[in-house]
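**Student:** First the structure, then my questions, so here it is.
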Amino acid sequence: MIHEVDEALRLLLAEAGLPERGVEVVFDAPTRDFAARRTAPTVSVFLYGIREETGRRQAGAVAEHDADGVVVGHRAAPRWFELAYLVTVWTNRPQDEHRLLAEVLQCLTAVDALPARLLTGTLAGLGATVELDITGRDTGLPAVSDVWSSLGGELRPSIDLRALAPLPGGLSPAGPPVTEGLVAHVRDSTREETAPADDPGRRLRYHDGTEPGPNADGFAAPRDRGLPPGRRARGRTR
């Protein structure tokens with residue numbers, strides 16, 4: 001899920017025309033070594049924190065089907081996580097950095113969520129919305145100033161970007177579908193005799209079913225049964 005959010009963010013920034021102007025989009029940590037190795041205008045989208053959004057946690061599972069509509073398993077409900085990115089720009093002059101940072105900010109604030117056309121893999125399969133937020137609120141993740149201290153670099157203008165994305169639950173495989181009705185072997189407990197070994201038994205009948213077979217879609221068809229001796233239908237008189 002994380003790499004899929006990374007790819008969607010890269011595509012979103014690419015749609016703003018950055019690669020055509022020679023601007024690189026990377027996901028490296030903006031350390032001093034990174035700054036020394038940079039040779040072209042660069043946008044760094046550094047993932048520095050992950051936190052579960054426990055308020056969205058749900059119980060239960062959803063059935064998954066194959067191309068023929070047969071249930072192949074049950075997948076647990078997804079769990080939602082907030083991904084915190086430190087977005088910085090790197091050029092040779094502060095004026096150019098501010099101009100590029102403004103373009104990146106305009107691109108990220110133009111949408112409230114990652115466009116569905118940019119989602120791949122499990123994010124596209126779930127069909128969920130991956131929300132984006134430029135935030136300064138305290139959500140339990142490290143502060144931006146603490147991130148810079150940990151990186152060993154000097155504090156510089158940056159964008160604190162948050163993405164809220166689902167992590168798919170585990171898949172539990174389902175057993176093969178039932179294609180035939182239940183077969184019951186009945187024995188009269190008041191008698192000593194037992195049913196022969198080759199007794200095929202009696203197949204239970206279900207309403208609106210069909211005769212079982214290699215292409216059967218349901219269970220055995222219903223049939224009329226006579227009343228046992230001494231019994232009469234309800235509502236009838238002798």
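What follows draws every value from the coordinates through simple rules; no lab data is involved. Note that the coordinates shown come from a computational prediction; the quantities given were computed from them, not determined experimentally. Cβ coordinates were reconstructed from backbone atoms using ideal geometry, including for glycine residues, and neighbour counts include every protein chain displayed.
**Student:** Using 0.36 nm times the number of residues separating Gln95 and Ala61, minus their current alpha carbon distance, what extension gain do you get?
**Tutor:** Values: separation 34, 0.36 × 34 = 12.24 nm, distance 5.25 nm.
Contour length minus the Cα-Cα distance gives 7.0 nm.
**Student:** Right, here's the next one. Run the Debye formula on the Cα coordinates of segment 2-173, all scatterers equal and no solvent, and tell me log10 I(q)/I(0) at q = 0.10 1/Å.
**Tutor:** Values, matching the q order: -0.45.
**Student:** Same structure again: Under 5 Å between amide H atoms, partner at least 5 residues away or on a different chain: which partners does Gly73 have, H built in plane at 1.01 Å?
**Tutor:** Correct list: Glu64, Ala174.
**Student:** Per residue, how big is the convex hull around the C-alpha atoms of segment 75-159? Give it to me in cubic angstrom, could you?
**Tutor:** That works out to 143 Å³ per residue.
**Student:** Kindly write out, for segment 32-39 in residue order, the coupling ³J(HN,Hα) from the Karplus curve 6.51 cos²θ - 1.76 cosθ + 1.60 (θ = phi - 60°), rounded to whole Hz, with x marking Gly and Pro.
**Tutor:** Result, ordered by residue: 5, 5, 4, 5, 6, 8, 5, 10 Hz.
**Student:** By per-residue mean of other Cβ atoms within 10 Å, what is the highest-first order of 154-163, 77-86, 110-119?
**Tutor:** By packing density, highest mean first, the sequence is 77-86, 154-163, 110-119.
**Student:** Name the residues whose placed amide hydrogens come within less than 5 Å of the amide hydrogen of Val130, ignoring near sequence neighbours (fewer than 5 apart) on the same chain.
**Tutor:** Leu114
**Student:** Just to check I understand the Karplus step: with θ = phi - 60° and J = 6.51 cos²θ - 1.76 cosθ + 1.60, what whole-Hz values come out for segment 113-118, glycine and proline as x?
**Tutor:** Going residue by residue, I get 8, 5, x, 4, 5, 9 Hz, with x marking Gly and Pro.
**Student:** Right, something else. Would you work out the relative contact order for segment 26-116, in percent, from Cα pairs under 8 angstrom that are 6 or more residues apart? Walk me through the numbers before you get to the answer.
**Tutor:** Working: 113 pairs, mean separation 26.4, N = 91.
It comes to 29 percent, rounded to a whole number.
**Student:** Going 7 Å from the Cα of Asp28 along its beta-carbon direction, which residues of segment 95-137 have the amide nitrogen within less than 19 Å of the resulting point?
**Tutor:** Answer for this model: 97, 101.
**Student:** Then there is this: Could you go through segment 151-161 in sequence order and give the Karplus-derived ³J(HN,Hα) for each residue, using 6.51 cos²θ - 1.76 cosθ + 1.60 with θ = phi - 60°, rounded to whole Hz, and x for Gly and Pro?
**Tutor:** Each residue's phi maps through the Karplus curve to give 6, x, x, 8, 5, 9, x, 8, 10, 8, 9 Hz.
**Student:** If you don't mind, another one. Report the label-to-label distance for Arg37 and Leu167 in nanometres (one decimal), using points 7 Å from each Cα along the Cα→Cβ vector.
**Tutor:** So the label points at Arg37 and Leu167 sit 2.8 nm apart.
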